[in-house]
Amino acid sequence: MFDYLDKIFPIRYTVFGLSCFGLLLSLFSLLVFGEGFAGLLLCGTLVAIGVSDMRQAKRSILRNYPIIGHLRFALEFIRPEIRQYFIEDDNEATPFSRAQRSLVYQRAKGDPDKRPFGTQMDVHAEGYEWMNHSVSPSKITSHDFRVLIGAHRAQPYSCSVFNISAMSFGALSANAILALNAGAKRGGFAHDTGEGSISVHHRVHGGDLIWEIASGYFGCRNDDGSFNAEKFAANAADPQVKMIELKLSQGAKPGHGGMLPGAKVTSEIAAARGVPVGVDCVSPASHSAFSTPVEMMQFIETLRTLSGGKPTGFKLCIGHPWEWFAMVKAMLATGITPDFIVVDGAEGGTGAAPVEFTDHVGSPLQEGLMLVHNTLRGVGLRDKVKIGAAGKVVSAFDIARLMALGADWCNSARGFMFALGCLQAQTCHTGNCPTGVTTQDPIRQKSLVVGDKATRVYNFHQQTLHALQELVQAAGIDHPNQITAHHIVRRATDQKVRSLAQLILTQLPDRALLESDLQALPRIYRQTWPRAVADSFLLQADDARTISV
């Protein structure tokens, strides 16, 4: 029977048909009885929508299901929120689990972060990790853990082991930048500017800045987009700028440039970046100031000199290993070493990127960090170069684990976004951020109250380091830099437990890569290290030899 009726009048048009009937009935009621204007307005609107749906050519579902087809798009629109609040497990990380976000919210608000009745994690699951403790815990007076970067430079920097990772003004709202920097000032930790350079909002509260210089050379560029030494020196001389970071790539989209559409280039963004208002702002995929590893080291030395001797380094997400090896060989060939290297993991995510880049380009932080740490150790430069690590760091255990793998300090971007009130709506690139963190809409960003959120940023940093202090004390050591891969244990696929030192970390002997015989080393060093050269990022032929040092 339904099939027969469907042939006469498709059932999927029922709502549209009822709307038409309601329109006629309301019109009759209005003409005869003088009532029914509200019904006329409602049904008229629905009929207009239905007619529009059947006439439009972009969405097939609306042509087949006028009016009710919009329910599909409405449900799709709120699907992330439904999943986040009602469906996902507390420990299901997509990309951050509810448990991770709740931890940040609690610490940022100053709420108790203790949990009763035991862990909610499956301690027998594959990949579960824990930190070994000591029967003789240490006692530490302060959680203000520091690492000295550029110790032999004119202006060394005593850096917190936990800092704000690179996020530009333009990607973040003015109020977000103000709150982050105010929190950094109060807590004595560093705020990375991101490649969008130093805006007026970075300068208001005077918090320590790490100035990131990327391929667009924002804040230090000529009109053609090339590097301008005079503009760089003027900005770098600011006492608020503590370190200079040359960005080669970022974890969210390594090897991919970017563009801020002209419509989003406001006068404030234009002033910070040194670009025209309303004109597309392009970040090329590669640098124009250098084209070889040697030239790159020389450029780093130039930046360090122009800055007055401030610690200068670079940030990258590891891609081709031979390109990284070529940089290290350039350090050996020139005698120029960066003061620090920040390893960004492919799990990074504050920059919107094509899905293929987000999901399948770049090395995850663990593998990238281990390669950088081991290579520097293998050429005898590890004591000269400090290593920062960034990629899904929100807890004290995250920091401890990365320091066990070789990091000297950690940066967090999304962790501090959560502290600002981010609820992982994942609409950062649309300008419609519900909490005012990632928008330039003046009305939306007013919802982010700077004073309150600055306190939350400060609290999150302080409480996380306090938790780190307790972990360090439990391990019986005096500083996070004493955490090694032997402290962290993981349950492997065969249900056996192994320390990270046994499981994943092959520690290269000091200066092992400078020896003539590499046969005892892991394959990546045996096969690729000899084919990397200081004067090219390209992989050389099999008969290529290492540079003489």
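Some observations on this one:
So that you can scan it fast, the table gives a plain yes or no per residue for (1) at pLDDT 95 or above; (2) among the β-branched types (Val, Ile, Thr):
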residue	(1), (2)
Val449	no, yes
His461	yes, no
Thr464	yes, yes
Ala474	yes, no
Leu514	no, no
Arg526	no, no
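- Qualifying residue in segment 435-445 (condition: under 23 Å from Gln100 (Cα atoms), in a helix (DSSP H, G or I), open to solvent by 50 Å² or more (accessible area, probe 1.4 Å) and of a type in the set (Lys, Arg)): no
- Filter result (open to solvent by less than 40 Å² (accessible area, probe 1.4 Å) and charged (D, E, K, R)) within segment 232-252: Asp238, Glu245, Lys247
- When Glu367 is tested against the conditions (1) open to solvent by 40 Å² or more (accessible area, probe 1.4 Å); (2) in a loop (DSSP other than H, G, I, E, B); (3) of a type outside the set (Gly, Ala, Ser), the lone failure is (2).
- Checked against (1) charged (D, E, K, R); (2) within 24 Å of the chain's Cα centre (by Cα); (3) assigned to a helix (DSSP H, G or I), Lys392 passes all but a single condition, namely (3).
- Residues of segment 91-113 classified as open to solvent by 70 Å² or more (accessible area, probe 1.4 Å) and modelled with pLDDT under 85, total: 1
- Top-ranked residue of segment 272-306 - restricted to ones that are over 19 Å from Leu260 (Cβ atoms) and of a type in the set (Val, Ile, Thr), ranked as surrounded by the fewest Cβ atoms within 10 Å (Cβ to Cβ): Thr305
- Considering residues of segment 57-86 that are more than 24 Å from Thr430 (Cβ to Cβ) and in contact (Cβ under 8 Å) with a residue 24 or more places away in the chain only, the residue surrounded by the fewest Cβ atoms within 10 Å (Cβ to Cβ): Asn64
- Taken over segment 491-520, the criterion of being in contact (Cβ under 8 Å) with a residue 60 or more places away in the chain, open to solvent by less than 70 Å² (accessible area, probe 1.4 Å) and either β-branched (Val, Ile, Thr) or over 30 Å from Thr141 (Cα atoms) (or both) is satisfied by Arg491, Ala492, Ile504, Leu505, Leu508, Ala512, Leu513, Leu514.
- Filter result for Gln507 (over 23 Å from Met121 (Cα atoms), assigned to a loop (DSSP other than H, G, I, E, B) and touching a Lys or Arg at 6+ places or on another chain (Cβ under 6 Å)): no
- In segment 351-386, the residues that are touching a helix residue (DSSP H, G or I) at 6+ places or on another chain (Cβ under 6 Å) and either free of Cβ contacts under 8 Å to residues at least 12 places away in the same chain or within 19 Å of Glu212 (Cα to Cα) (or both): Ala352, Val385
Let's see how each residue does on (1) more than 30 Å from Met327 (Cα to Cα); (2) open to solvent by less than 10 Å² (accessible area, probe 1.4 Å); (3) assigned to a helix (DSSP H, G or I):
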residue: Gly183; (1), (2), (3): yes, yes, yes
residue: Phe189; (1), (2), (3): no, yes, no
residue: Gly207; (1), (2), (3): yes, yes, no
residue: Glu212; (1), (2), (3): no, yes, no
residue: Glu230; (1), (2), (3): no, no, yes
residue: Met259; (1), (2), (3): no, no, no
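- Of all residues in segment 470-487, those satisfying the criterion of being crowded, with 18+ Cβ neighbours inside 10 Å and assigned to a helix (DSSP H, G or I) are Leu471, Val472, Pro480.
- Restricting segment 25-56 to residues that are over 46 Å from the mean Cα position of the chain (by Cα) and among the β-branched types (Val, Ile, Thr), the residue that is least open to solvent (accessible area, probe 1.4 Å) is Val47.
- With respect to the conditions (1) touching a residue at least 24 places away in the same chain (Cβ under 8 Å); (2) surrounded by 16 or more Cβ atoms within 10 Å (Cβ to Cβ); (3) of a type outside the set (Val, Ile, Thr), Gly309 lacks only one, and its number is (2).
The values are calculated or read from the model by the stated rules, or taken from the named source; none is laboratory data. Since the structure is predicted, the reported quantities are computational estimates derived from the model, not experimental observations. Because the Cβ atoms are built from the backbone with ideal geometry, glycine has one as well, and the counts that use them run over all protein chains shown. Surface areas here come from the heavy atoms of the whole protein model, side chains and all, with no ligands, DNA or RNA. Shrake-Rupley method; radii C 1.70, N 1.55, O 1.52, S 1.80 Å.
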